[in-house]
Amino acid sequence: MTEPDPRPVPPRSWLEVRWRQARNAPPPVFRAVLSSVTVAVVLGGLYLAYDLALANGARLPGGDLRTLAGIVFVVAVTGLGAWITYLVVPQPGRPGVRSRWSAALGLFAALPIAYLALVILFQVVKPLLVR
């Protein structure tokens, strides 16, 4: 029988703890985030194309509706992210059972992702495309 090592284990740094948490995310959370990010990427590409078309002088029916399009983007990402999460994430402890818990997880994942997507689209991607 081997004896345990008497040396204490050094505590992990904040970064090491966060890196381990990111690598070992629970499957329901990973699925919720992935579904919301997928919706945000697809709809964000469409929204950015609309914005760039208007910025380059395109005359579209309805005129300049970028503010409304931004609101629709956030609502669509939040709603579709919650709905897709509801479809792909079962309630913990009850395999195969979909519930309001799944939709709430999707909603809480989708809302910040929608706003982060807007920031990335218009503060990072758009300046790279407009040059």
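Values quoted throughout were computed directly from the atomic coordinates according to the rules given, and no laboratory measurement underlies them. In this text the structure is predicted, and so the values were computed from the model without any measurement. Cβ placement follows ideal geometry from the backbone for every residue including glycine, while neighbour counts extend to all protein chains displayed.
Where a ≥ b ≥ c are the square roots of the eigenvalues of the C-alpha gyration tensor, would you call region 2-131 rounded, which needs a/c under 1.5, or, failing that, prolate if a/b is larger than b/c, or oblate?
It is oblate, given that a/c is not under 1.5 and a/b is not larger than b/c.
Which residue fluctuates most in the GNM of the chain (Cα springs below 10 Å): Ile84, Ile113, Ile71?
Largest GNM mean-square fluctuation: Ile71.
Which of Leu68, Leu54, Leu107 ends up with the largest GNM mean-square fluctuation for the chain, with Cα atoms connected below 10 Å?
Comparing Leu68, Leu54, Leu107 in a Gaussian network model of the chain, the most mobile one is Leu68.
Could you work out [θ]222 nm for the chain from helices alone, using -39500 (n - 2.57) per DSSP H run of at least four and dividing by all its residues? Round to the nearest 500 deg cm²/dmol.
Calculated at 222 nm, the ellipticity per residue is -22500 deg cm²/dmol.
Among Ser99, Ser36, Ser13, which one moves the most in a GNM of the chain with springs linking Cα atoms closer than 10 Å?
It is Ser13.
Given contacts defined as C-alpha pairs under 8 Å and at least six residues apart, what's the relative contact order of the chain, whole-number percent?
Once normalised by length, the contact order is 30 percent.
Within a Cβ distance under 13 Å of Val88, other residues only, what is the Lys/Arg minus Asp/Glu net charge?
Residues near Val88 contribute +2 overall.
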